[in-house]
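Engineer: So that we are looking at the same thing, I have put the structure below in structure tokens.
The values are calculated or read from the model by the stated rules, or taken from the named source; none is laboratory data. What you are looking at is a predicted structure, and each value in this text was computed from that prediction instead of being measured. Heads up, the Cβs are rebuilt from the backbone with ideal geometry, glycines too, and the neighbour counts pull from every protein chain shown. The protein model used for the area step is the full one, side chains on, heavy atoms only, and it has no ligands, DNA or RNA in it. Shrake-Rupley method; radii C 1.70, N 1.55, O 1.52, S 1.80 Å.
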Amino acid sequence: MKTAIVNIGTIVTGDLKAPFADGDGILMQDGRISAIGTLSSDQVSSADVVIDAACTTAIPGLIDSHVHITFGDYTPRQRVVGYLESYVHGGTTTSITASEVHTPGRPKDPAGVKALALAARACFLDYRPGGMRVHAGSIILEPGLTEADLEELVKAGLWLAKAGFGAFETPFDYAPLMLAARKLGMVTTMHTGGSSIPGSSGIWAEHVLKSNPSVSFHVNGGPVAMPEAGFARLVNESDIALQLCTAGNLRTALLTAKLLDDAKQPERLLIATDTPTGSGIMPLGMFYTISHLASLGGMPPEQAIAAATGNNATVYRLNSGFLKTGRDADVVLIDACAGGSQNDALSGLRNGDVPAVSAVITDGVPRFVGRSRNTPAGMRTVRVAETRLPRDFSGAAAH
Ligand SMILES: [Zn+2]
């Protein structure tokens, strides 16, 4: 399938080094971005679907790197079906599991946690709720697991490991398995902050430094923050990616962003939601955190968008997250909301407003064009200008 977007007002790339792209068009073919900039009339006329962006802003599909996946499009914690599909209407096109720890009665023995992670991974390989790509299957590190177990998992295609809910005596005890997992090429993640479920102990900077994970999960607290001194330690004594979560402590989120900016390492900042959790289901969570950083933290909105897209893609080694040729064709069109005080999406974010999501394309396929069911309408009318396919792209069927 070939999809073209024309008449884009601003193209935000997700790349901190070159946050904007010239031109007003994006061409997508077979799930990849095949051209970006000014499209030729031949390129536009060859497309199966042409979307008129009406001068709105194109950004990469958001990557939520902390989603509490279980099985199917269902969250046992909030007893709700269809939340992932709803997140697509909030601009999230990729979800990465925070480990399948919310699976009711989840196993805790080595064979059981291995089976849980492998099954979760397999269940989402071809299943795209609402068009979303879900990276599921993160091994929950528990006592008794060995390096040989990890090797077996890596051979089976598993690439995520999680420290934080295991029955170890102290959080220092995760270190040997965490270091081994990373040596095997896994992306390792570690709960950071106060305990989020009864029985799990607080994990603070000294514990995280010892395990040296790829990512400090919800460094701002999930939902409770670690002691204050730990933030500067993680920024200055490691190169760990620091994940800010919407369902965390807002003050320490802003503190972490500032510390990384001061250290001139903004690429280490990742945005995620840490939902569904006790904090609820938050389809607009990614945009709330982007707007908090842009309005309260003074961060340029394109930098905050990169933290929610390209930075996540780089740390998790995904092909999505950037509006560049060859990358996954996951594109979101956003606008200032109708009736607000601002005239474009980026000004709205600076003002602290969430944007209107006007279209979401994943894997090169328009999932809806016109209006998200979760945001106000935009200032401008994004529409399908031409299509050769007998399909309704309004998203109405999902309402
Ligand atoms: Zn979590």
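Engineer: How about region 264-291: which of its residues are open to solvent by 30 Å² or more (accessible area, probe 1.4 Å) and either over 21 Å from residue 372 (Cα atoms) or within 16 Å of the ligand (Cβ to nearest atom) (or both)?
Structural biologist: We begin by selecting, within region 264-291, every residue open to solvent by 30 Å² or more (accessible area, probe 1.4 Å); these are 264-267, 278-279, 281-282, 288.
Correct list: 264, 265, 266, 267, 278, 279, 281, 282.
Engineer: Just checking: which of the helices (runs of 4 or more DSSP H) contained wholly in region 179-276 hold 3 or more residues that are under 18 Å from residue 311 (Cα atoms), in contact (Cβ under 8 Å) with a residue 24 or more places away in the chain and over 18 Å from the mean Cα position of the chain (by Cα)? Before you say what the answer is, go through the steps one by one.
Structural biologist: Working: elements: 205-211, 229-236, 250-262.
Here the list reads 250-262.
Engineer: I need a count of the residues in region 109-118 that are touching a Gly at 6+ places or on another chain (Cβ under 8 Å) and not acidic (Asp, Glu).
Structural biologist: Residues that pass the stated criteria total 3.
Engineer: Go through region 9-43 and give me each residue that's assigned to a strand (DSSP E or B), closer than 29 Å to residue 268 by Cα and open to solvent by 40 Å² or more (accessible area, probe 1.4 Å).
Structural biologist: 10, 20, 32, 34, 36
Engineer: Scanning region 71-86 for residues that are out of contact with any Asp or Glu (no Cβ under 7 Å at 6 or more places or on another chain), touching a residue at least 40 places away in the same chain (Cβ under 8 Å) and within 16 Å of the ligand (Cβ to nearest atom), which turns out most open to solvent (accessible area, probe 1.4 Å)?
Structural biologist: Among residues in region 71-86 that are out of contact with any Asp or Glu (no Cβ under 7 Å at 6 or more places or on another chain), touching a residue at least 40 places away in the same chain (Cβ under 8 Å) and within 16 Å of the ligand (Cβ to nearest atom), the one most open to solvent (accessible area, probe 1.4 Å) is 77.
Engineer: Given (1) outside the structural domain of residue 361 (by TED's automatic domain parsing); (2) without any contact (Cβ under 8 Å) to a residue 12 or more places away in the chain, identify the lone condition not met by residue 68.
Structural biologist: (2)
Engineer: Do we have residue 295 as open to solvent by less than 10 Å² (accessible area, probe 1.4 Å), of a type in the set (S, T, N, Q), outside the structural domain of residue 97 (by TED's automatic domain parsing) and out of contact with any strand residue (DSSP E or B) (no Cβ under 7 Å at 6 or more places or on another chain) here? Lay out the reasoning, then the answer.
Structural biologist: Values: open to solvent by less than 10 Å² (accessible area, probe 1.4 Å): no; of a type in the set (S, T, N, Q): yes; outside the structural domain of residue 97 (by TED's automatic domain parsing): yes; out of contact with any strand residue (DSSP E or B) (no Cβ under 7 Å at 6 or more places or on another chain): yes.
In short, no.
Engineer: Take the residues in region 314-337 that are among the charged types (D, E, K, R) and not in a loop (DSSP other than H, G, I, E, B); name whichever of them is farthest from residue 353 (Cα to Cα). Write out each step before concluding.
Structural biologist: Taking region 314-337 as the starting set, the residues that turn out to be among the charged types (D, E, K, R) are 317, 324, 327-328, 330, 335.
Going one step further and asking which of them are not in a loop (DSSP other than H, G, I, E, B), we end up with 328, 335.
Values: 328: 28, 335: 11 Å.
Checked region 314-337; the qualifying residue farthest from residue 353 (Cα to Cα) is 328.
Engineer: Could you figure out which of (1) open to solvent by 10 Å² or more (accessible area, probe 1.4 Å); (2) on the phi > 0 side of the Ramachandran plot; (3) outside the structural domain of residue 327 (by TED's automatic domain parsing); (4) in contact with a strand residue (DSSP E or B) (Cβ under 9 Å, 6 or more places away or on another chain) isn't true of residue 101?
Structural biologist: (2) is the only condition that residue 101 fails.
Engineer: With the requirement that a residue be closer than 22 Å to residue 63 by Cβ and either away from the ligand (no atom under 15 Å from the Cβ) or open to solvent by 10 Å² or more (accessible area, probe 1.4 Å) (or both), what does region 211-234 give you? Reasoning before the result, please.
Structural biologist: Pass one, region 211-234, residues closer than 22 Å to residue 63 by Cβ: 213-223, 234.
Answer for region 211-234, where residues must be closer than 22 Å to residue 63 by Cβ and either away from the ligand (no atom under 15 Å from the Cβ) or open to solvent by 10 Å² or more (accessible area, probe 1.4 Å) (or both): 214, 223, 234.
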